[in-house]
Amino acid sequence: MKGRILLVEDDETFRSFLQTVLEDEGHDVLTAGDGLSGAQLIRNKQFDLVISDLKMPGKSGLELFRETIRDANPPRFIFLTAFGTVEEAVGAMKDGAFDFLTKPLEDSDTLLKIVDRALEGLQRSRDYLALKESEAGGLPPEDLIFAGSAMQPIRKLVQNVAGTTANVLIYGESGTGKELVARIIHLLSPRGNGGFVPLNCAAIPENLLESELFGHEKGAFTGAIQARLGKFELAKGGTIFLDEIGEMPVALQAKLLRVLQERVFERVGGGKEIRADVRVIAATNRDLAEEVSEKRFREDLFYRLNVFPVNLPPLRERRDIIPLLTEYFIQRFCRQVGKKLKGIEPEALKAMKAYAWPGNIRELQNVVERAVILAQDMVRATNLPDALVGLSEPATAGRDKLKVVERDLIVKALEQHGGNRRLAAVELRMSRRTLQYKLKEFGLLD
């Protein structure tokens, strides 16, 4: 990538030479002849990279670095240093400088390679921060997702697997942040500059899912008036995220298995093999091993996907972070609606910590959003849903109550539709496969 670079060097001849080298590569370069002038430019303009002499009269490059590194979005630093000051340059790298070069330069190619690496790394960091700020569909940023003792092993797993090409299977209940963790793995991987293409396998009708995955040729089926790329082609060079993989029909599982084994696929209605240059990360809220034993999921596909499993704990097992998440969401929604609240009263927070949170972080987010809208001076227990207020029994008791309510809703829906499971699933806003799973769980199968 091309960057905006500040070059700080008191030797005018050397400075001019470096400026020419960098500009010939397409970089936008500003120069300063001393540290004080460099500091002034940094205060007034945004730079991606600063290349600075370490020793200069007035203000040294090291002083310039230590002042700038405290900024909210600091540029990366590369130092130019004489042999006698290499030790200082190494010390600066321990404090966050990117690299250093000794003068005189043997060739400009070495400088350009270091500049390229610095700018590529900076872009990846900015993409990562952009992910935090976008909050990936409403979930809080990564540092909150991994907060608490229960998530520290998960953080290490994510860091370990990110740099590999291994398939990853993320387990976790709805709302635990599976897609956000998948995005983090992608951005920290060698494919981080490629696309991240998500697909919810439960949200696409069965007869269209194959086309969504692999694309189709013109005339492949009624309505296919032109060729269309699938998710695997759109994710070329990047990562495809298959959410709710347990909902994929068994017949289509065989075609996905072929992609994982042979790294090729064909569009629907086509005969040409297309190379699958993608990394696959899948996620599920089911026990896929049990699905395999019940013949609802292919065993060979399970082992292909389950190379590196990551299990995200539910929020009820991370109660230590509920106050932190609650405060985060209060501040976030206060900004959105233009309110200033004093936080949350102890009674309300006690109710939040006692609740079982079947919808996990996403449910907590929705509860806080509603509470902020209703609150006057601070979030109070009266601003919370009835299901939370006054809840003081152990979490297991709360979960048992929720299971009873869920079972009753399923029974009622089946009664209303004369036992028709398809219509009942539509009313309950769940897939037929999920309804089948719930019927078995509650002992309601014939």
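Filtering 106, 67 for residues that are among the charged types (D, E, K, R), open to solvent by 60 Å² or more (accessible area, probe 1.4 Å) and more than 37 Å from the chain's Cα centre (by Cα) leaves a single hit, 106. Scanning region 299-318 for residues that are under 22 Å from residue 198 (Cα atoms) and more than 23 Å from the chain's Cα centre (by Cα) gives 301, 302, 303.
Restricting 35, 96 to residues that are of a type in the set (Gly, Ala, Ser) and buried (at least 22 other Cβ atoms within 10 Å of the Cβ) narrows the list to 35. Taking the criterion of being farther than 13 Å from residue 344 by Cα and open to solvent by less than 10 Å² (accessible area, probe 1.4 Å), the residues of region 362-391 that qualify are 364, 388.
Filtered by the rule that a residue be among the polar types (S, T, N, Q) and either in contact (Cβ under 8 Å) with a residue 60 or more places away in the chain or open to solvent by less than 20 Å² (accessible area, probe 1.4 Å) (or both), region 38-50 gives no residues.
Could you check region 261-283 and list, in sequence order, the residues that are of a type in the set (A, V, I, L, M, F, W, C) and open to solvent by 10 Å² or more (accessible area, probe 1.4 Å)? Walk me through how you get there before you give the answer.
Kept after step one, since they are of a type in the set (A, V, I, L, M, F, W, C), are these residues of region 261-283: 264-265, 268, 274, 276, 278, 280-283.
Across region 261-283, the qualifying residues are 264, 268, 274.
Tell me yes or no: at least one residue of region 344-359 is at pLDDT 90 or above and in contact with a Phe, Trp or Tyr (Cβ under 6 Å, 6 or more places away or on another chain). The answer is no, given that none of the residues of region 344-359 is at pLDDT 90 or above and in contact with a Phe, Trp or Tyr (Cβ under 6 Å, 6 or more places away or on another chain).
Looking only at helices (runs of 4 or more DSSP H) that lie completely in region 196-262, which have at least 3 residues being under 20 Å from residue 166 (Cβ atoms) and not basic (Lys, Arg)? Reasoning before the result, please.
On the way: elements: 206-214, 231-234, 250-262.
By residue number, 250-262.
Flag set for residue 53, criterion: surrounded by 21 or more Cβ atoms within 10 Å (Cβ to Cβ) and in contact (Cβ under 8 Å) with a residue 12 or more places away in the chain.
Exactly one residue out of 91, 96 is modelled with pLDDT under 90, part of a helix (DSSP H, G or I) and not aromatic (Phe, Trp, Tyr): that is 91.
Might you let me know whether region 75-82 holds any residue that is modelled with pLDDT under 85 and among the basic types (Lys, Arg)? Step through it out loud before you land on a result.
Taking region 75-82 as the starting set, the residues that turn out to be modelled with pLDDT under 85 are 82.
With the extra rule that they be among the basic types (Lys, Arg), the set shrinks to none.
Within region 75-82, not a single residue is modelled with pLDDT under 85 and among the basic types (Lys, Arg).
Inclusion of residue 193 among residues that are of a type outside the set (Lys, Arg), open to solvent by 30 Å² or more (accessible area, probe 1.4 Å), without any contact (Cβ under 8 Å) to a residue 40 or more places away in the chain and outside any strand (DSSP E or B) is not warranted.
The values are calculated or read from the model by the stated rules, or taken from the named source; none is laboratory data. Remember, it's a predicted structure, so these values are computed and weren't measured experimentally. As a convention, Cβ positions derive from the backbone with ideal geometry for all residues, glycine included, and neighbour counts pool all protein chains shown. Just so you know, the surface numbers come from the protein's heavy atoms only, side chains and all, with ligands and any DNA or RNA stripped out. Shrake-Rupley method; radii C 1.70, N 1.55, O 1.52, S 1.80 Å.
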